[in-house]
Amino acid sequence: MKLGNKRSNIAIGDLVEIIQKQDQRSGELTEGIVKKFLTKSPSHPHGIKVMLTDGTVGRVKNVIEEDE
């Protein structure tokens with residue numbers, strides 16, 4: 001499983017686990033498919049911010065590998 005703090009680890013259409021702003025205290029992760037990148041820089045210490053296909057916005061914690 002790849003970490004979500006490097007943009008090069010993430011591609012549009014990847015299945016990822018994100019943490020939403022309101023879930024940062026609880027640590028609850030939300031799973032979904034990446035629709036677009038919201039972080040412009042190549043890396044971010046707290047995770048690359050993305051929008052999922054359902055419109056949910058959060059920072060990528062894990063990229064789920066298809067072959068696992």
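So, in segment 4-13, of the ones that are of a type outside the set (Lys, Arg) and more than 9 Å from the chain's Cα centre (by Cα), which residue ends up surrounded by the most Cβ atoms within 10 Å (Cβ to Cβ)?
Per the criteria, the residue is ASN9.
Return the pairs, sorted by first residue and then second, in which the second residue is among the charged types (D, E, K, R) and part of a loop (DSSP other than H, G, I, E, B), the first residue lies in segment 44-68 and is free of Cβ contacts under 8 Å to residues at least 60 places away in the same chain and buried (at least 16 other Cβ atoms within 10 Å of the Cβ), the beta carbons are less than 8 Å apart, and the residues are 6+ apart or on different chains.
Note: no pairs meet the criteria.
What are the residues in segment 22-35 that are touching a strand residue (DSSP E or B) at 6+ places or on another chain (Cβ under 8 Å) and either surrounded by 10 or more Cβ atoms within 10 Å (Cβ to Cβ) or under 12 Å from GLY4 (Cβ atoms) (or both), if any?
Passing the criteria: ASP23, GLU28, LEU29, THR30, GLU31, GLY32, ILE33, VAL34, LYS35.
No value in this document is a laboratory result; all are computed from the given coordinates. Bear in mind the structure is a predicted one, so any value in this text is a computation, not a measurement. Note that each Cβ is placed from the backbone with ideal geometry, even for glycine, and that neighbours are counted across all protein chains shown.
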